[in-house]
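Chemist: I have a structure I would like to understand better, so I am pasting it below and will then ask my questions one at a time.
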Amino acid sequence: MPYEATTSDGPDSVPGRSQTAGAAIQIGSPSPEDAAEIHELIAACPPLDTNSLYANLIQCSHFAAHCAVARMNGKVVGWISGHRPPGKSNTYFLWQVAVHADARGQRLPRRMLAEILSRDAQSGVSQIETTITRSNDASWALFRSVAGWLAAPLREEPWFDRDRHFAGQHDTEFLVTIGPFKAPKASG
Ligand SMILES: CC(C)(COP(=O)(O)OP(=O)(O)OC[C@H]1O[C@@H](n2cnc3c(N)ncnc32)[C@H](O)[C@@H]1OP(=O)(O)O)[C@@H](O)C(=O)NCCC(=O)NCCS
């Protein structure tokens, strides 16, 4: 059964930012049939890099237990991709988070993350890693907010470097670590 909540329920709703208050949102693991819509959502959410549709299909199959898709009125409006990095049994790595402009401001990233962290596949996780470019203000705000929700410290360090790793084609990605934390309460 997918997790279901209305966009206006719970103390985490943000008055004034929702254009879709009251609409039911379903959150769950993706299936390969979702990949094409997810690919479109990512393309509509700059500054995210698009991956190939094939890469999204692999995420929606091999890595489905570590990803979440959110639907509102049947349409894909939210996406988190991630995985458990090799050799780090306490870590969930969050690769991308995207929320359609129509569904922003409703804590959808946190709701999707809560649903992912509640799964058996995330057993033993006590920290989250993600990467953020310096100029992505929305992403920094989001992950600072997530650290507050998890009551955990946030650390950052340069990781994939503009010149050394991206051949000057992409801004440096900072590795952001949030943790340690205890299992979060469900986020409605
Ligand atoms: C980043 C993104 C997922 C946030 O979605 P959202 O639905 O607005 O997120 P939330 O409602 O949970 O807001 C979380 C926090 O971020 C803040 N925030 C959201 N958008 C912001 C923006 N553009 N600038 C500054 N802060 C912003 C919110 O005010 C909130 O802060 P608070 O907890 O202190 O009140 C969405 O803007 C998006 O898809 N952006 C394009 C893709 C992207 O950059 N993804 C992140 C990199 S992987």
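Chemist: At a threshold of 8 angstrom on Cα-Cα distance, excluding pairs fewer than six apart, so keeping six or more, what relative contact order does the chain reach in percent?
Modeler: Taking the mean separation of contacting Cα pairs over the length of the chain, I get 19 percent.
Chemist: By the gyration tensor of its Cα atoms, with a ≥ b ≥ c the square roots of the eigenvalues, what is the shape of the chain: rounded for a/c under 1.5, prolate for a/b over b/c, or oblate?
Modeler: rounded
Chemist: On a full-extension model of 0.36 nm per residue, what is the gain between residue 89 and residue 62, subtracting their alpha-carbon distance, rounded to one decimal in nm?
Modeler: Working it through step by step, the gained length comes to 7.9 nm.
Chemist: Ok, one more. Rounded, prolate or oblate: which fits region 85-134, taking a ≥ b ≥ c as square roots of the Cα gyration tensor eigenvalues, rounded meaning a/c under 1.5, else prolate when a/b beats b/c?
Modeler: oblate
Chemist: Over the chain, with every protein chain in place, what whole percent of the accessible area is carbon and sulfur at 1.4 Å, could you tell me?
Modeler: Here it works out to 54 percent.
Chemist: Relative to the Cα centre, what is the charge dipole magnitude of region 29-107, using +1 at the beta carbon of each Lys and Arg, -1 at the beta carbon of each Asp and Glu, and rounding to the nearest 20 debye? Working shown, then result.
Modeler: Numbers: 6 positive and 6 negative charges, 71 e Å.
Roughly 340 debye for region 29-107.
Chemist: Here's something else I'd like to know. Taking only protein heavy atoms into account and a 1.4 Å probe, give the accessible area per residue of the chain in Å².
Modeler: Details: 9450 Å² over 188 residues.
So the chain comes to 50 Å² accessible per residue, rounded to a whole number.
Chemist: What GluC sites (Glu not before Pro) in region 28-70 are in a loop by DSSP, with at most 13 other Cβ atoms within 10 Å of the Cβ? Could you put the intermediate results ahead of the total?
Modeler: Working: sites: 33, 37, 40; in loops: none.
Loop-located and lightly packed - none at all.
Chemist: Sticking with this structure for a sec: Exactly which trypsin sites (Lys or Arg not before Pro) in region 91-188 are in a DSSP loop and have at most 16 other Cβ atoms within 10 Å?
Modeler: In loop regions of region 91-188 (DSSP not H, G, I, E or B), the sparsely surrounded trypsin sites (Lys or Arg not before Pro) are 119, 134, 162, 164, 182, 185.
Chemist: Extension gain residue 126-residue 31, at 0.36 nm per residue separation less the Cα-Cα distance, in nm?
Modeler: 31.6 nm
The values are calculated or read from the model by the stated rules, or taken from the named source; none is laboratory data. Fair warning: this is a prediction, and the values are worked out from it, not measured in the lab. Note that each Cβ is placed from the backbone with ideal geometry, even for glycine, and that neighbours are counted across all protein chains shown. When the accessible area is computed, the model is the full protein with side chains, heavy atoms only, and any ligands, DNA or RNA have been set aside. Shrake-Rupley method; radii C 1.70, N 1.55, O 1.52, S 1.80 Å.
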